[in-house]
Amino acid sequence: MADQGRPRVSVGAAVARGRWTVKMPMNVVLCVVTLGLVLAAILDVRIRSSGVGVAILATALSFTVGWTASGLLWCVLIPRWRLWAYERVDDPEALEVEAIRANLIWPPRHPLGKFEFRPPALAAKLRPFEDYIWSRVLEASTDT
């Protein structure tokens, strides 16, 4: 199912690239946003003597903002990685399984998987690959 004009990669290499191009930026955003807001809260407490309650509230807020920013980044990056990987691997089913094992994508029909941001052009490019995967899954389930 790999696109003939693209260099082929193994499933493991595609998942490794997903870790570097999706998970690594997510972790960086999470750490930078969280640490930045925590440091700002600590400095604010020291400068204004606002109290520990404000620092705890600011820290909780920073984790919330950090996770949200990281999640939004995942929503944008993962469909692009999917297209890159689908165009280059020979076995998209194995790619799905390994990506789920690597916690790169959500299992099929998981509610959080619906949050992927797919512009219409990208969705149109992904549709044939996903239709192929689903047809193989349905075929395998009717064989048993």
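Computed from the coordinates by the stated procedures, all read-outs in this text should not be read as laboratory data. Please read these numbers as outputs of a predicted model, since none were measured by experiment. Using ideal geometry, Cβ is built from the backbone for each residue, glycine included, and neighbour counts are taken over all protein chains shown.
General remarks:
- Check on S70, in contact with a Ser or Thr (Cβ under 7 Å, 6 or more places away or on another chain), more than 14 Å from L126 (Cα to Cα) and buried (at least 16 other Cβ atoms within 10 Å of the Cβ): no
- Residue pairs whose Cβ atoms lie under 8 Å apart, separated by 6 or more positions or on different chains, with the first residue in segment 85-104 and more than 21 Å from M24 (Cβ to Cβ) and the second among the hydroxyl-bearing types (S, T, Y), are P92/Y86; P92/Y132.
- Of everything listed in (1) hydrophobic (A, V, I, L, M, F, W, C); (2) surrounded by fewer than 17 Cβ atoms within 10 Å (Cβ to Cβ); (3) in a loop (DSSP other than H, G, I, E, B), the single unmet condition for W134 is (3).
- Residue match in segment 100-108 (condition: assigned to a loop (DSSP other than H, G, I, E, B), among the polar types (S, T, N, Q) and either out of contact with any Leu (no Cβ under 7 Å at 6 or more places or on another chain) or over 14 Å from V22 (Cα atoms) (or both)): yes
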